[in-house]
Amino acid sequence: MSISKEVVEKHGLTQIEFQKICELLKRAPNLLELGVFSAMWNEHCSYKSSKIHLKNLPTKGKVVVQGPGENAGVIDVGDNQAIVFKVESHNHPSFIEPYQGAATGVGGIMRDVFTMGARPIANLNSIHFGSPDHSKTKNLLNGVVQGIGGYGNCVGIPTVGGETHFDESYNGNILVNAMTVGLANKDKIFYSKASGIGKSVIYVGSKTGRDGIHGASMASAKFDNKAEEKKPTVQVGDPFTEKLLLEACLELMQDDSIISIQDMGAAGLTSSSVEMAAKGKLGIELNLEKVPCRELNMTPYEMMLSESQERMLIILNSGKESKAKKLFEKWNLDFAIIGKTTNTKNLTLKFNNKKVGEIPIDLLSNKAPLYNRKWSKTKLPKKNSKSKNLNKIKILDSLKRIISHPNICSKEWVWKQYDHTVMGDTIQKPGSDSGVVRIHKTNKGIASTIDTSADYCSAHPLTGGKQVVCESWRNLISVGAKPLAITNCLNFGNPEKQKNMGEFVECVNGIAEASKYLDYPVVSGNVSFYNETNEKSIKPTPAIGGVGLIKNIDKMITMNFKKKNSDIYVIGRTNGHLDQSIFAREILGEKKGPPPEINLFNEKNNGTTLLELIDKNLILSAHDISSGGLLIAIAEMCIKGKIGALIKKPKTLINPIEYFFSEDQSRYIVEINNDNVENITNILNKNSVFFEKIGNTQENNLFIQDELDLSIDEIEKLNNSWFRKYIN
């Protein structure tokens, strides 16, 4: 049959791209081949609009074992142990069908990690919803949280951290970013590169159905009012099968049976087979009638494009098939030899002994379009003139409003639906600066965090990109972990629009600049474009997942105040930057102005100095100062420790409002023993770190003379009340 213009567009390809396919093939593709091209050439799989800019990211370092290009990144944490981790988006599916979209997002990212030989030890997530008042928000929130919990809890992996944000820019396009951290032996990492000719290509896991067909293409398209019609493209997950697949794969990985292994994720059987062959510079031949199917009369087109979950593609060493078959049957999983590797360098598709498609692998992997799209630069906004009289604003009223703000308030309702202690190694649960899990049967801890700052990125993408890396860095340091590496999930609007493409380019440049300076390399990631509905784009929202190492968990630090009458210090200078802060938006009603300046020297110097203090057991508690400012950070430490604080009015030239609610960067609140003051100040002075004492811990109240006197119970009630009222 001839391929019509409408069919081409339905597959997410432009007419120019279709003409390129015809030229490369030297003929028109059939429908199956068109489907394969559409899967491999879409934005989600080919990175055709982002690849040239992602090359700017630093991906190498002393601890990096595997950088971007594999299922997940790998870093060395000593003792022949490696941490495998990645974050990915499942935004569009979660907006269409929140429970399954979020659930399969969690399932997919876990497979990316255990396909490399790592046992998942922690999950995290970054979820963003529209305005709380929007008609869809509450339903989407409920569905996504239940989906994340429903999948992760069933598989038995603790969810130890995350964030939940609300903003009207996500009204028509929510964000669901899922992250998994796994533990492997450094000398037993598995890769997706195929090798050897005539090796068996094995399909294992669940049967193939019609769910998820065109899922990758749908993820690379903008939405309109008919988004609900895309429900058939959303995958359906089965966490119990995932658990079986996890255990079966890890058992098979104990010997030398596996040459390569690849998760069937986006674009399913198409992407897994093409990527394995491309990396090995081989061909691959598939006999599609041998694919285990759960529905009758499935066509080769449906089999190749299905995104049914809980499936893997494995290339085995010769003679290992029988043993592997017994193993997967023991775990009650499908096992089928569906093809072989070849020397043709082609993807050859057969069905009932008839060749139904043949495409050179190189055309699918290396000849995809590569776009250097036009983009526009965002000028640094001018600072707002202080037209508002800050002296008329009460610190007490501001604290009450900000501590109960939807983006600041406690998200305990969310994370209490996640099992965060399963496996028995969680030593810092959600609601802290970073989640921490013990490496089983050792005294080492892995800290992980995930962060975004869409307001900063929207105001000035270059600064925002730097800031979100620094926020991740501070969250790890605040628990006493040395930051090692990051993964990123880059959520942006339509790259065909110069403004959106500019936001992406400058955020990536900011991420690259901060990562290089902090020696905090990017080892894996994901780009999610076309996050818009009816031409309205989300705010640029790069999510940074950070991982750090605590060599001795006895030195781990928490954010809760520990005892009465200890000193409270601020590390880092407060300059009073209110623009783009929660205070400016919610109290002043101002959304213009630049984000706070990022000084990478101060960021690195302040952070490494705090790590030195923690290592020398000089710090009782620590918390980074971020959204809401200094007073919000102190209030959070009071709530966590059930201990109050007596805070002095600042002796500075800036207004007390600016002092307490500004969001200047590179700052931490630390609690110290009075006996340690001399040692601590000597180290801070030696390293040229700015610091100041701002008060002491006390019995029950947070107190500032003539400004506020609130019991910790009152502050906690304010912090907890918004979410509970909203949900109920």
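The values are calculated or read from the model by the stated rules, or taken from the named source; none is laboratory data. Note that the structure is predicted; figures quoted are calculated from it, not measured. Methodologically, a virtual Cβ is constructed for each residue, glycine included, from the backbone with ideal geometry; neighbour enumeration extends over all protein chains shown. Keep in mind that these areas ignore ligands, DNA and RNA; they rest on the heavy atoms of the full protein, side chains included. Shrake-Rupley method; radii C 1.70, N 1.55, O 1.52, S 1.80 Å.
Residues that are of a type in the set (Val, Ile, Thr) and part of a helix (DSSP H, G or I): does the stretch 127-137 have at least one? The answer is yes, given that some residue of the stretch 127-137 is of a type in the set (Val, Ile, Thr) and part of a helix (DSSP H, G or I). Please tell me if Ser322 is in contact with a Ser or Thr (Cβ under 9 Å, 6 or more places away or on another chain), over 26 Å from Ser38 (Cα atoms), open to solvent by 20 Å² or more (accessible area, probe 1.4 Å) and of a type in the set (S, T, N, Q). No.
Close contacts from the stretch 548-559, counting a first residue that is closer than 19 Å to Ile75 by Cβ and a second that is among the basic types (Lys, Arg) and open to solvent by less than 30 Å² (accessible area, probe 1.4 Å), with Cβ to Cβ under 8 Å and a gap of 6+ residues or different chains, come to Leu549/Lys444; Ile550/Lys444; Lys551/Lys444; Asn552/Lys444; Ile553/Lys444. Looking at (1) in a strand (DSSP E or B); (2) open to solvent by 20 Å² or more (accessible area, probe 1.4 Å), which is the only condition Ile544 fails? Among (1) in a strand (DSSP E or B); (2) open to solvent by 20 Å² or more (accessible area, probe 1.4 Å), the lone unmet condition for Ile544 is (2). Only one of the numbered conditions (1) in contact with a Lys or Arg (Cβ under 9 Å, 6 or more places away or on another chain); (2) closer than 20 Å to Leu370 by Cβ is violated by Ala72, and that is (2). Before we move on, is Ser515 closer than 17 Å to Lys62 by Cα and in a strand (DSSP E or B)? No: the conditions fail for Ser515.
Filtered by the rule that a residue be acidic (Asp, Glu) and either crowded, with 22+ Cβ neighbours inside 10 Å or on the phi > 0 side of the Ramachandran plot (or both), the stretch 603-627 gives Glu603, Asp624. If you check Ser404, Ser432, Ser472, Ser458 for being under 30 Å from His92 (Cβ atoms), open to solvent by 10 Å² or more (accessible area, probe 1.4 Å), touching a residue at least 40 places away in the same chain (Cβ under 8 Å) and of a type in the set (Gly, Ala, Ser), only one passes: Ser458. If the condition is being open to solvent by 20 Å² or more (accessible area, probe 1.4 Å) and in a helix (DSSP H, G or I), then the stretch 19-48 contributes Gln19, Lys20, Cys22, Glu23, Leu24, Leu25, Leu31, His44, Cys45.
Within the set Asn602, Asn606, Asn534, the sole residue that is in contact (Cβ under 8 Å) with a residue 60 or more places away in the chain and touching a strand residue (DSSP E or B) at 6+ places or on another chain (Cβ under 7 Å) turns out to be Asn606.
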